[in-house]
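Q: This is the structure I want to talk about, given as structure tokens.
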Amino acid sequence: MNFRGAHILSVAQFARQDVDKIFRVADRMEPFAHRRQVSKALDGAILGNMFFEPSTRTRVSFGCAFNLLGGHVRETADVDSSSIAKGESLFDTARVISGYSDVIVMRHPRVGSVAEFAEASRVPVINGGDGSNEHPSQALLDLYTIKKELQSQGGTIDGMSIAMVGDLKHGRTVHSLSQLLLLYKDIRFTLISPRELSMPADIVDRLRQEGHEVAETDDMESGLQDNDTVYLTRIQEERFTTKLEADIYRGRFRLNQAIYTRHCQPNTVIMHPLPRDSRAEANELDADLNQHPNLAIFRQTDNGVLVRMALFALILDVEDKIADTAADVGWYTERRF
Ligand code: CP
């Protein structure tokens, strides 16, 4: 695909070579994300970071990624602080914000809303999550993380096995990641969820049509066996009609040290898009795994900055200018661990 000026709305836009390109550029962002160098490639550019649904990682890491390339960020962090609360349409909001920005990241609770916004926008728009539909930048950072984790064990994405666990019906991260994995070969998927929260049938059908092996189960312990990666998800309470309805499923599937030791392979990579629900009644990924070397959740969040920097560099066409504007940082940059 031609990244220059493109909207990023769905993983369906990508061919495998596009993903390879994003990952190559992401690799080159390490000196900046790891605070060894600064870049001025986007000096003067403005990101409109429009979040109409709660977010920590996506909003802040897109903002940091833009700052690390030398750009400025203007943001809306919820509906109540924007004129959408006064009845303004997405069309009008898109027209206005795209007059103030060079690129926009947008999150909204309604499926299809970001595509609608992008149609009215005069600048490129990146989907930061549209309801239960898609979260393409999360899928890219997840896949980038999987690639690195498997590479460190001598493995590859082609031929890998992955268990996806939890609310697969509403989880936009698993929808996007599954569809991105369509670009690879011979993947074994184990989809572990309550029957009522299973992966949408159209996604399962496409995985099978492309030759991947897909097993669906509501038995977590058997489903965890023999996987390179286990990808846990939260019950997406905000997609249920009532909290009581979400409570039916909360806490049904949990991974902790004892279950991991009993049912996973010693090298199984543990992933979660976060936020994990750490309340006692949920706790789908226990803190007793926090020091486990295979816990990749914070490597995922760190990788999110690299991948999002790569998207900005490609969309705004500064990929070749980053090294030219690079300089060593002049402040204390050591990290404790
Ligand atoms: N993974 C993710 O989308 O996290 P946030 O909701 O905090 O952005």
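The values are calculated or read from the model by the stated rules, or taken from the named source; none is laboratory data. Because the structure is a prediction, the values reported are computed rather than measured. Note that we place each Cβ from the backbone using ideal geometry, even for glycine, and neighbour counts take in every protein chain shown.
Q: Within the stretch 248-292, can you find the residues that are of a type in the set (A, V, I, L, M) and either part of a loop (DSSP other than H, G, I, E, B) or within 16 Å of the ligand (Cβ to nearest atom) (or both)?
A: ILE248, ILE270, MET271, LEU274, ALA280, ALA282, LEU285
Q: Can you name the condition, by its number, that ASP43 falls short on among (1) touching a residue at least 24 places away in the same chain (Cβ under 8 Å); (2) within 16 Å of the ligand (Cβ to nearest atom)?
A: Checking ASP43 against (1) touching a residue at least 24 places away in the same chain (Cβ under 8 Å); (2) within 16 Å of the ligand (Cβ to nearest atom), the one that fails is (2).
Q: Select, from GLU221, GLU238, the only residue that is surrounded by fewer than 15 Cβ atoms within 10 Å (Cβ to Cβ) and within 16 Å of the ligand (Cβ to nearest atom).
A: GLU238
Q: If ALA139 passes every condition in (1) small (Gly, Ala, Ser); (2) away from the ligand (no atom under 16 Å from the Cβ); (3) surrounded by 24 or more Cβ atoms within 10 Å (Cβ to Cβ) but one, which one does it miss?
A: Failing condition for ALA139: (2).
Q: OK, next. (1) outside the structural domain of ASP27 (by TED's automatic domain parsing); (2) among the hydrophobic types (A, V, I, L, M, F, W, C); (3) within 15 Å of the ligand (Cβ to nearest atom): which one isn't true of MET106, the others all being true?
A: Status for MET106: all satisfied but (1).
Q: Those residues that are without any contact (Cβ under 8 Å) to a residue 60 or more places away in the chain and either buried (at least 24 other Cβ atoms within 10 Å of the Cβ) or touching a His at 6+ places or on another chain (Cβ under 6 Å) (or both), I need them from the stretch 142-173; list them, please.
A: Scanning the stretch 142-173 gives a single hit, ARG172.
Q: Identify the residue in the stretch 46-80 that is within 16 Å of the ligand (Cβ to nearest atom) and of a type in the set (Val, Ile, Thr) and, among all such residues, is farthest from ARG335 (Cα to Cα).
A: Applying the filter and picking the extreme gives VAL79.
Q: Now for a different question. Within the stretch 315-337, how many residues turn out to be in a loop (DSSP other than H, G, I, E, B) and farther than 17 Å from ALA45 by Cβ?
A: Here the count works out to 10.
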